[in-house]
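Trainee: Attaching a single structure in structure tokens format; questions to follow.
The values are calculated or read from the model by the stated rules, or taken from the named source; none is laboratory data. Please read all numbers here as calculations on a predicted model, not as lab measurements. Positions of Cβ are generated from backbone atoms using ideal geometry, with glycine treated the same way; all protein chains shown enter the neighbour counts.
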Amino acid sequence: MTDQFYDLPENPRPSGGEIGHFQAIDGITIRYARFRPEPGLARRGTVIVLSGRNEHIEKYFETIGDLTARGFHVAMADWRGQGGSQRLLSDRERGYVRSFQDYVADLHTFLDKHVATEMPAPYYILAHSTGGLIALLAAPRLTNRIRRMVLSAPLIGLHGLPVSMRTVRRISGLVRLTGFGWMYATGGPRKRHPFATNMLTSDLKRYERNRNIVETHPVLGMGGPTATWLNRVCHAVDTVTDPDFMARIQIPTLFVLAGADEVVSTSTTERFARGLRSGATVTIDGARHELLQEADIYRDQFFSAFDAFIPGSDAIFNPQGADARAASDEGAASDTPA
């Protein structure tokens, strides 16, 4: 596998970056990148960026630059089966994973071998959508390693489903058990969708930039999720929403939600966050699902919330005027650096 960045003139890589790959515990090849802060800035620790489904390192160049400009080191890996990491089916367009625990295992391997050994503490997670679900799955084992997490529109429930997630799990599970788990559950092969019908962002420039990355470098792109992938999502959601599992999530976590999200269920995430020991929510009215790819009016609000929560303090965290308190550094065991 070639270790390289795929940049464009309108999407230059941030300075101070290096790219490589590692072997997962089952031999799958995972592509990763690490970035250093801009020279002369006070060092503030390391942010591990966890992307959503069908995303890749290059899509986050702008966000990585925003983080390094704040004095953070940044680490990011493409999930198995997408981006520049090894694909899991002969048809590389199909979104597939055997289990979300494979994602969790890859995250732990990345942290153990390429973050904790090379990059400075304290460690924070910034995760979007599917990456947020993976972060929550991994959270019990990350206590005392990750100080705080910021989850952007995490996938805890799907928006506008005509049936329950339990029904989706049963139907997709039946398809999988009958040998057709490789079939697309939705979306099909990668297509060029017009901006006017997209549900991800209201920002035309960023939408076209992200589309151009994949059209210029199709090795990074993929199509829709398979029935197996959708079934594995449902099982992962069942796990993280179990009350006993939720009680084990001790890392102070900020959920930043998109008020106009048509991909994941904002109300489901709000209920989930209220059930956590140290969860707080902020909703950005009018924003669509991909908050970090949104227009500046929304994206700036996201980073205002991020800056208020990271690296953390004992102050009341109250960006929307609601009674949302982030757990203090003193009271959270997870605030001890690795």
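Trainee: Could you pull out every one of the helices (runs of 4 or more DSSP H) wholly within the range 200-251 that has 1 or more residues that are of a type in the set (Val, Ile, Thr) and more than 19 Å from the chain's Cα centre (by Cα)?
Mentor: The helices (runs of 4 or more DSSP H) meeting that bar are 204-216, 227-240.
Trainee: Can you tell me which residues in the range 170-207 are of a type outside the set (Val, Ile, Thr) and farther than 22 Å from Glu93 by Cα?
Mentor: Across the range 170-207, the qualifying residues are Arg170, Leu174, Ala196, Ser202, Asp203, Leu204, Lys205, Arg206.
Trainee: Starting from residues that are in contact (Cβ under 8 Å) with a residue 24 or more places away in the chain and touching a Lys or Arg at 6+ places or on another chain (Cβ under 8 Å), keep the ones in the range 204-217 and report whichever is surrounded by the fewest Cβ atoms within 10 Å (Cβ to Cβ).
Mentor: Among those residues, the one meeting the criterion is Val214.
Quick grid of which residues meet (1) of a type in the set (Val, Ile, Thr); (2) in contact with a helix residue (DSSP H, G or I) (Cβ under 9 Å, 6 or more places away or on another chain); (3) part of a helix (DSSP H, G or I); (4) at pLDDT 95 or above:
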site	(1), (2), (3), (4)
Thr283	yes, yes, no, yes
Arg288	no, yes, no, yes
Phe302	no, yes, yes, yes
Asp307	no, no, yes, yes
Pro311	no, no, no, no
Ala315	no, yes, no, no
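Trainee: Given the conditions (1) under 24 Å from Pro154 (Cα atoms); (2) in contact with a Lys or Arg (Cβ under 9 Å, 6 or more places away or on another chain); (3) in a loop (DSSP other than H, G, I, E, B); (4) not β-branched (Val, Ile, Thr), and given that Asp3 satisfies all but one, which numbered condition is not satisfied?
Mentor: Evaluating Asp3 over (1) under 24 Å from Pro154 (Cα atoms); (2) in contact with a Lys or Arg (Cβ under 9 Å, 6 or more places away or on another chain); (3) in a loop (DSSP other than H, G, I, E, B); (4) not β-branched (Val, Ile, Thr) leaves (1) as the failure.
Trainee: Working carefully through the options Ser152, Ser99, find the one that is within 25 Å of Arg44 (Cβ to Cβ) and not charged (D, E, K, R).
Mentor: From the options Ser152, Ser99, the qualifying one is Ser152.
Trainee: Can you pull out the residues in the range 28-56 that are under 16 Å from Arg13 (Cβ atoms), surrounded by fewer than 22 Cβ atoms within 10 Å (Cβ to Cβ) and either touching a residue at least 60 places away in the same chain (Cβ under 8 Å) or under 15 Å from the mean Cα position of the chain (by Cα) (or both)?
Mentor: Across the range 28-56, the qualifying residue is only Arg34.
Trainee: Of all residues in the range 75-110 being part of a loop (DSSP other than H, G, I, E, B) and among the aromatic types (Phe, Trp, Tyr), which is nearest to Val219 (Cα to Cα)?
Mentor: This residue is Trp79.
Trainee: Moving on to the next point. State which residue is surrounded by the fewest Cβ atoms within 10 Å (Cβ to Cβ) when the search covers only the range 189-198 and only residues that are outside any loop (DSSP other than H, G, I, E, B) and not polar (S, T, N, Q).
Mentor: The extreme case among them is Ala196.
Trainee: Could I ask something else about it? Give me the residue from the range 122-137 that is hydroxyl-bearing (Ser, Thr, Tyr) and in a strand (DSSP E or B) and, out of that set, farthest from the chain's Cα centre (by Cα).
Mentor: The residue in question is Tyr123.
Trainee: From the list Thr186, Thr201, pick out the single residue that is surrounded by fewer than 17 Cβ atoms within 10 Å (Cβ to Cβ), touching a residue at least 24 places away in the same chain (Cβ under 8 Å) and within 30 Å of Ala273 (Cα to Cα).
Mentor: Thr186
Trainee: Tell me yes or no: at least one residue of the range 96-110 is within 27 Å of Asp307 (Cβ to Cβ), in contact (Cβ under 8 Å) with a residue 12 or more places away in the chain and in contact with a Phe, Trp or Tyr (Cβ under 8 Å, 6 or more places away or on another chain).
Mentor: yes
Trainee: What number of residues in the range 1-21 are surrounded by 16 or more Cβ atoms within 10 Å (Cβ to Cβ) and of a type in the set (A, V, I, L, M, F, W, C)?
Mentor: 2
Trainee: To continue, here is another question. Just to verify a result, which residue in the range 252-270, among those that are in a loop (DSSP other than H, G, I, E, B) and touching a His at 6+ places or on another chain (Cβ under 7 Å), is surrounded by the most Cβ atoms within 10 Å (Cβ to Cβ)?
Mentor: Checking each candidate, the answer is Asp261.
Trainee: Another one. Give me the residue from the range 139-164 that is more than 20 Å from Thr281 (Cα to Cα) and aliphatic (A, V, I, L, M) and, out of that set, surrounded by the fewest Cβ atoms within 10 Å (Cβ to Cβ).
Mentor: This residue is Val163.
Trainee: Scan the range 15-27 residue by residue and report those that are without any contact (Cβ under 8 Å) to a residue 60 or more places away in the chain and in a loop (DSSP other than H, G, I, E, B).
Mentor: Across the range 15-27, the qualifying residues are Ser15, Gly16, Gly27.
Trainee: Also, I was wondering about something else. Would you point out which residue out of Lys59, Lys113 is over 17 Å from the mean Cα position of the chain (by Cα) and in a helix (DSSP H, G or I)?
Mentor: Lys113
Trainee: In addition: Could you tell me whether the range 203-211 includes any residue that is out of contact with any Phe, Trp or Tyr (no Cβ under 7 Å at 6 or more places or on another chain) and of a type in the set (A, V, I, L, M, F, W, C)?
Mentor: For the range 203-211, residues out of contact with any Phe, Trp or Tyr (no Cβ under 7 Å at 6 or more places or on another chain) and of a type in the set (A, V, I, L, M, F, W, C): absent.
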